[in-house]
């Protein structure tokens, strides 16, 4: 049963990635605006992620960086973390220092992109 859920999850991710590749989130169908930004007017750490992923899927790294720099930086780091966790007896995700570093980094990004004068970090 667990294998069926895994296959279903992978199929869902692939279908979403194909949809994201084929349709621009700024103008395409099926993309919702950020509810946090809609309610508060502030940017959450993930604001611009769909557009950044769309750009990355098309090989436009600089444009993706402009939509959400944290995502563009985090993807390779998460890949390295995943590979390194496969080589260790204890996965890196269980290392509290790694968890704290991710939490502090994401919170810092969230605060930094909402400060006055930091409009360049907006998606």
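Quick look at the numbers
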{"item": "Conditions (1) modelled with pLDDT of 90 or more; (2) surrounded by 10 or more Cβ atoms within 10 Å (Cβ to Cβ); (3) outside any helix (DSSP H, G or I): number failed by residue 59", "result": "(2)"}
{"item": "Selection count where residues are surrounded by 15 or more Cβ atoms within 10 Å (Cβ to Cβ) and part of a helix (DSSP H, G or I), scope the stretch 33-45", "result": "2"}
{"item": "Residue 53 being closer than 21 Å to residue 96 by Cα and surrounded by 20 or more Cβ atoms within 10 Å (Cβ to Cβ)", "result": "no"}
{"item": "Count of the stretch 7-32 residues which are in a loop (DSSP other than H, G, I, E, B) and surrounded by 10 or more Cβ atoms within 10 Å (Cβ to Cβ)", "result": "6"}
{"item": "Residue within the stretch 65-78 that is loosely packed, with under 10 Cβ neighbours inside 10 Å and touching a helix residue (DSSP H, G or I) at 6+ places or on another chain (Cβ under 8 Å) present", "result": "no"}
{"item": "Selection within the stretch 113-123 - surrounded by 12 or more Cβ atoms within 10 Å (Cβ to Cβ) and more than 12 Å from residue 68 (Cβ to Cβ)", "result": "114, 118"}
{"item": "Scope the stretch 15-48; condition within 28 Å of residue 116 (Cβ to Cβ), within 15 Å of the chain's Cα centre (by Cα) and in contact (Cβ under 8 Å) with a residue 40 or more places away in the chain; matching residues", "result": "43, 44, 45, 47, 48"}
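The values are calculated or read from the model by the stated rules, or taken from the named source; none is laboratory data. Model, not experiment: these values are computed from the prediction. Neighbour counts run over all protein chains shown; Cβ positions are idealised from the backbone, glycine included.
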